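Here is the structure we will look at, set down as structure tokens.
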Amino acid sequence: MKVFGIIPARYASTRFPGKPLVQLDGHSMVEWVYHRTSKAFDMVAVATDDERIAAEVRRFGGRVVITSPDHRSGTDRCAEALLRMQVEDGTKADVVVNVQGDEPFIDPALLSRLAACFNDSSTQIATVVKPFENTVDMLNPNNVKVVMSATGRAVYFSRSPIPYIRGFAREEWLGQHTFHWHLGLYAYRAAVLDRLTQLAPSPLEIAESLEQNRWLENDYCIRVIQTQGENIAIDTPEDLVYAQSRLAEKQIRF
């Protein structure tokens, strides 16, 4: 099974412009992500529409694919990058893993586990969740929640805490049920990725501003795996300060 790891990276960000280029222990964030993704997959590329990011990837010897600036999502950017990589290499991918460009400490073992979901021929899309550990994170609408079937398939994604725990105050909910935090890491069967980009925006996607609900509304199956690992996504300058503190504690190494 041939797996391509693709890292969508944008310079523009409402909360943290230029974050792929911020420095962590002498390496840019995009280099951290690339370095770790390369431990899991042989074929890795950064997909970007920004020459500053492209120049940084070339500087550290990575592969970059220049994509359109008009993509609505990282999924669309991955799809274009996949087409370009297959033309350049003359080889076809079976599976594409969309690695978030703002998670510099992503675990290569988790990426490998995600790709392994496709050993099951019924898997179309796969993603990752972890249990919420505190109420503040659970109630934050920027942290996406997901409920799953008994067989580990996603049922629905929401910015609201789901399910609703009747008869208890929200501060008590974590003691009554395990709520799952969607980490935004995706893998797709290559043929499915192409079809996903052709789907029109759906009502539930528009309501929640979550593209994965479009896939569910169109009857695609999303397999879910779980992790207990710490999720350090850098969305704000404050997140960067926390990541730097973890490095200072020698908890994480390049």
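Read-outs throughout are calculated quantities, based only on the coordinates presented, and are distinct from any laboratory measurement. Please read these numbers as outputs of a predicted model, since none were measured by experiment. Neighbour counts are summed over all protein chains in view; Cβ atoms, including those assigned to glycine, are modelled from backbone coordinates with ideal geometry.
The listed peptides 228-235, 106-113, ordered by packing as a protection proxy, come out as 106-113, 228-235 (highest mean of other Cβ atoms within 10 Å first).
Going from the residue with the fewest nearby Cβ atoms within 10 Å to the one with the most, Lys250, Lys92, Lys130 rank Lys250, Lys92, Lys130. Working from label points 7 Å from Cα in the Cα-to-Cβ sense, the Glu230 to Ser13 distance is 1.8 nm.
Scanning residues 5 or more positions from Ile222 or on other chains, those with amide H under 5 Å from its amide H are Ala154, with H placed 1.01 Å from N in the peptide plane. Take 45-54, 151-160 and order them by the average number of nearby Cβ atoms within 10 Å per residue, most first; the result is 45-54, 151-160. Note on the range 1-105: Rg/Rh from Cα positions, Kirkwood definition for Rh, rounded to two decimals, is 0.94. Computed from the alpha carbon atoms alone, the convex hull of the chain holds 132 Å³ per residue.
Shape class of the range 73-116 from the Cα gyration tensor (axes a ≥ b ≥ c, square roots of the eigenvalues): oblate, since a/c reaches 1.5 or more and a/b does not exceed b/c.
Rounded to the nearest 0.05, the FRET efficiency derived from the C-beta distance between Ser202 and Tyr164 at R0 = 22 Å is 0.45. Here Cys78, Cys221, Cys117 are placed in order of increasing Cβ neighbour count within 10 Å, fewest first, which gives Cys221, Cys117, Cys78.
Segment Ser112..Val241, full-extension length gain: 43.6 nm, with 0.36 nm per residue of separation and the alpha-carbon distance subtracted. Ordered by the number of other Cβ atoms lying within 10 Å of each residue's own Cβ, fewest first, Tyr242, Tyr220 fall into the sequence Tyr242, Tyr220. The simple Förster model, with R0 at 22 Å and r as the Cβ-Cβ distance, assigns Ser122 and Asp89 a FRET efficiency of 0.20. Distance between the C-alpha centers of the range 44-104 and the range 178-254? Whole Å please. One Cα centre to the other: 17 Å.
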